[in-house]
Amino acid sequence: VGRVWQSTPAERGRDIELLVRQLRGLAEYAAAHDVVLCVEPLNRFETSLINLAAQGAELIDRVDHPHCRLMLDTFHMNIEERSLGDAIRLLGRERLRHVHACENDRGAPGSGHVPWNDVAAALHDIGYDGPVVIESFTSEVKSIARAAAVWRPFASSQDALASDGLAFLRGLLAG
């Protein structure tokens, strides 16, 4: 919801306080419509406000509303987290509501170097049974490509990316 760049501790505290207040109101609205609002930590090249699972956990703990939770994205986590598994375990099942699965280059899961066994073990450890969604982008949609810095295709087609990623995730997360 906009970009925030380097700020002083006082400025960051002010911005987080404002965000907590706004998210409480949005969570009330979401609850009235039977929706769960998820905050996504993004990498440092997209924002400076919430980059880590721990920062997201602190935020939603302060919001303290069951309709405000977190989603994690393995692309962003691969840049920011020291351990993807530890980040997932820190959130636990109560805080984590949605997972975006994509590779370090935004390609199909299993085609790069994301530590997928660590991700799968952590999801299993916390009893996560929510959605795991492949998030990818195409350079064909110029406005999105520009926003996500996607300048080349990640597979021979978007269908190939989806089917290869799905096959990998099914094998990884089965059982």
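The values are calculated or read from the model by the stated rules, or taken from the named source; none is laboratory data. Computed from a predicted structure; not experimentally measured. Please note: Cβ atoms are built from the backbone with ideal geometry, for glycine as well, and neighbour counts cover all protein chains shown. These accessible areas exclude ligands, DNA and RNA; they are computed on the full protein's heavy atoms, side chains included. Shrake-Rupley method; radii C 1.70, N 1.55, O 1.52, S 1.80 Å.
Annotations
- Residue among Arg44, Arg82 that is out of contact with any Cys (no Cβ under 7 Å at 6 or more places or on another chain), touching a residue at least 24 places away in the same chain (Cβ under 8 Å) and basic (Lys, Arg): Arg44
- Evaluation of Leu72 against (1) part of a helix (DSSP H, G or I); (2) aliphatic (A, V, I, L, M); (3) within 14 Å of the chain's Cα centre (by Cα) (one fails), failing number: (1)
- The stretch 129-140: number of residues that are open to solvent by less than 70 Å² (accessible area, probe 1.4 Å) and either free of Cβ contacts under 8 Å to residues at least 12 places away in the same chain or over 30 Å from Arg89 (Cα atoms) (or both): 2
- Scope the stretch 26-62; condition in a helix (DSSP H, G or I), surrounded by fewer than 17 Cβ atoms within 10 Å (Cβ to Cβ) and in contact with a helix residue (DSSP H, G or I) (Cβ under 7 Å, 6 or more places away or on another chain); matching residues: Ala54, Arg62
- Matching residues in the stretch 146-166 - criterion: being modelled with pLDDT under 85 and farther than 16 Å from Asn104 by Cα: Arg146, Ala147
- Test: residue in the stretch 3-20 that is outside any helix (DSSP H, G or I), at pLDDT 95 or above and not polar (S, T, N, Q): no
- Checking the stretch 105-128 against the condition returns a match, with at least one residue being at pLDDT 95 or above, part of a loop (DSSP other than H, G, I, E, B), open to solvent by 20 Å² or more (accessible area, probe 1.4 Å) and on the phi > 0 side of the Ramachandran plot.
- In the stretch 86-93 there is no residue matching the filter, namely being among the hydrophobic types (A, V, I, L, M, F, W, C) and farther than 30 Å from Ala30 by Cα.
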